[in-house]
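The values are calculated or read from the model by the stated rules, or taken from the named source; none is laboratory data. Fair warning: this is a prediction, and the values are worked out from it, not measured in the lab. Every residue, glycine among them, receives a Cβ derived from its backbone with ideal geometry; neighbour counts consider all protein chains shown.
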Ligand SMILES: Nc1nc2c(ncn2[C@@H]2O[C@H](COP(=O)(O)OP(=O)(O)OP(=O)(O)O)[C@@H](O)[C@H]2O)c(=O)[nH]1
Ligand SMILES: [Mg+2]
């Protein structure tokens, strides 16, 4: 099957897919001891290799697609040195994950037995697969597009319900479908502009300029929505970085412990207890948070504490959202304002004011101060009061739940850059329209927008991009 590729010099070229002749193999289950392990082999020699080293009632060639058979794997067929009793599944090209003839060996999950089987496959003509090579072949053989290939890695890495849901949406193809409909529209206008070029001497406009302008404006809005979706996509995939900040002793570590439901950080009534940044992952309502408890910010001569405060500042700079914790049982003092100044000087914009210790007394709360913050919570880390609403706020302030009602999210910097580049090309086409330039100029930009969109799904791609994407996969996937 031909496939469009760019060479390193940027020239678009055809490439024959499936030219990879090697038969590859790898262990698909994690390394170590377990009940079973699965070894996968894909490529044109898969069935012949198995035929040589496997003994069962039927020859592997007589087993139907998608069926499993039980038998014995031998190191050498003549000497019949048994390696293991195994179950073998057979998938016939093109109806396999990779699109090639594929074998899956279910063997006992011992470290040595797995090594022996792999060794045997290598001796008989297979080679070890590179990371992600099975999925790369699935992509090259047209079984999935690049977005779907990436979503498979996201499914494997998903740590929470929402990250899994988002990756599943991408695998189902609805993100690819969205791009397809954008491309179809662009292609329609490009075709009209290209007809105009063919009839250049007759000065006919096949693509009505006012209609094209309206269309480009609506495309611009669409691109902007998709660019904004990256914020959600990234949060769903990587989690949201949350940092606790406040003067010493306001209860930051106590809040971390209550959120984690364990005594993770040391808590004491001595101000300056936390010296280092403590990072933990947390699942709230299916959303992944990476939360950092930090050293209380204050002016100090203690060299260790100064280092702690420096680390605090670094964590605050990197955070997506900061929880500014104050003690609701006391009036605000200069130390609280020093923390606030720090947040301002670090240009932290996404702040939630957290009034802690409301179990003691909250009559000191300065409501005018609270009103300065778009988001605030009243809690007690000691009793747990207010925590349900607090957790709810952490989720709703960062995630728009409508994104799962057919909303499309893009979650990789690669996608974001391509969307921005396509939008640029569209805006350029708009400029050409405004300047009443000829169809040639408008078509040039629309074609550029189309090609950049095609990079996202991998219709147009480079070896470099593919290597970059698939090298982050695990071996055996
Ligand atoms: N009554 C009450 N006490 C609390 C609450 N939260 C924390 N404390 C107490 O406040 C003191 C300080 O708590 P920490 O969690 O260590 O405070 P911190 O902000 O992490 O302090 P540093 O690490 O020194 O910056 C401890 O004695 C806690 O038991 C609360 O909601 N109510
Ligand atoms: Mg602490």
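On the given criteria, is residue 308 within 22 Å of residue 324 (Cβ to Cβ), surrounded by 18 or more Cβ atoms within 10 Å (Cβ to Cβ), more than 22 Å from the chain's Cα centre (by Cα) and at pLDDT below 90?
Answer is yes for this residue.
Checking residue 303 against (1) away from ligand 2 (no atom under 14 Å from the Cβ); (2) in contact (Cβ under 8 Å) with a residue 12 or more places away in the chain; (3) over 24 Å from residue 392 (Cβ atoms): exactly one of these is not met. Which one?
(2)
Report, by residue number, each residue of segment 242-277 that is more than 10 Å from ligand 1 (Cβ to nearest atom), at pLDDT 95 or above and under 15 Å from residue 312 (Cα atoms).
242, 243
Regarding residue 282, is this residue farther than 19 Å from residue 339 by Cα and crowded, with 23+ Cβ neighbours inside 10 Å?
Here the answer is no, as residue 282 does not meet what is asked.
More than 16 Å from ligand 2 (Cβ to nearest atom), farther than 16 Å from residue 325 by Cα and free of Cβ contacts under 8 Å to residues at least 12 places away in the same chain: is that true of residue 283 in this structure?
When the stated conditions are applied, residue 283 does not pass them.
Quick check: anything in segment 214-224 surrounded by 14 or more Cβ atoms within 10 Å (Cβ to Cβ) and within 16 Å of ligand 2 (Cβ to nearest atom)?
Taking every residue of segment 214-224 in turn, none turns out to be surrounded by 14 or more Cβ atoms within 10 Å (Cβ to Cβ) and within 16 Å of ligand 2 (Cβ to nearest atom).
For residue 352, which of the numbered conditions (1) under 24 Å from residue 269 (Cβ atoms); (2) at pLDDT 95 or above; (3) away from ligand 1 (no atom under 14 Å from the Cβ) fails to hold?
(1)
I need the full set of residues from segment 248-265 which are out of contact with any strand residue (DSSP E or B) (no Cβ under 8 Å at 6 or more places or on another chain) and either within 8 Å of ligand 2 (Cβ to nearest atom) or part of a loop (DSSP other than H, G, I, E, B) (or both), in order please.
Within segment 248-265, 248, 261, 262, 263 meet the criteria.
Where residues in segment 225-247 are more than 16 Å from ligand 2 (Cβ to nearest atom) and over 21 Å from residue 395 (Cβ atoms), which of them is surrounded by the fewest Cβ atoms within 10 Å (Cβ to Cβ)?
If we take residues in segment 225-247 being more than 16 Å from ligand 2 (Cβ to nearest atom) and over 21 Å from residue 395 (Cβ atoms), then 225 is surrounded by the fewest Cβ atoms within 10 Å (Cβ to Cβ).
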